[in-house]
1. Mean separation of Cα pairs under 8 Å and 6+ residues apart, divided by the residue count of the chain: what relative contact order is that in percent?
2. What list of ³J(HN,Hα) couplings, whole Hz, do you get for the range 122-139 from phi and the Karplus terms 6.51, -1.76, 1.60, once you set θ to phi - 60° and write x for glycine and proline?
3. Mind listing which chymotrypsin sites (Phe, Trp or Tyr not before Pro) in the range 75-132 are in a DSSP loop and have 13 or fewer other Cβ atoms within 10 Å?
4. Count charges around Pro127 for me, please; just the other residues with Cβ under 14 Å from its Cβ, Lys/Arg as +1, Asp/Glu as -1.
5. Of the chain, which part is the longest with no trypsin sites (Lys or Arg not before Pro) in a loop (DSSP not H, G, I, E, B) and with at most 13 other C-beta atoms within 10 angstrom?
6. Please report the carbon-and-sulfur percent of the accessible area for the chain; probe 1.4 Å, protein heavy atoms only, DNA, RNA and ligands left out.
7. With every protein chain kept in place and ligands, DNA and RNA left out, what is the accessible area per residue of the range 23-70? Probe 1.4 Å, answer in Å².
8. Run the helix sum for the chain: -39,500 (n - 2.57) per DSSP H stretch of 4+ residues, divided by residue count, reported at 222 nm to the nearest 500 deg cm²/dmol.
Amino acid sequence: MTFFSTIGDRRRRGTYDDNLVLRDIADGAESATASETGIAFDCRKIDQFKVCLAVDAYTGYDAGTAEWTLTVEVSDVVGGTYTQVGPSFIPVGAAIESEIVISGPMVEQVDADADWIRITATKTGSPGNITYGAWIVPC
């Protein structure tokens, strides 16, 4: 495990577990809409967890016309149809750390037998490429 936060402030990013990485920031930039491969995660049986995000700055942001949207999605099959769970996150061009909080009951409402989770970056318009990481930590 790797710790990204300082000891004095672990409120947001928490402990990084290689088994719970949805996207490694070292994978580089995305230039078009892309979904990561889902990971096995029985999210229906967890009270609450959060998907932590670390997003590098990108150019060309213009609200509603040139932006990236990050969404967490769940499915019952790794190669199946995924459904968004929780709110979307729209980074506004500047480097930022954030999180999306999700609950097991919320997942169950969206997909009653979800066993897989992934993240998708959706490009609207023509913003610059986005580099980001995403991983799951307990709340």
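The values are calculated or read from the model by the stated rules, or taken from the named source; none is laboratory data. Bear in mind that the values here come from a model prediction, so they are computed numbers and not experimental data. Backbone-built Cβ (ideal geometry, glycine too); neighbour counts: all protein chains shown. When the accessible area is computed, the model is the full protein with side chains, heavy atoms only, and any ligands, DNA or RNA have been set aside. Shrake-Rupley method; radii C 1.70, N 1.55, O 1.52, S 1.80 Å.
1. 41
2. 10, 9, 10, x, 9, x, x, 5, 10, 10, 8, x, 8, 8, 9, 9, x, 7
3. Listed in order of number, the matching sites amount to none.
4. -3
5. My reading of the result: 12-139 is the longest stretch.
6. 49
7. Value returned for the range 23-70: 48 Å² of accessible area per residue.
8. Result for the chain: -1500 deg cm²/dmol, rounded to the nearest 500.
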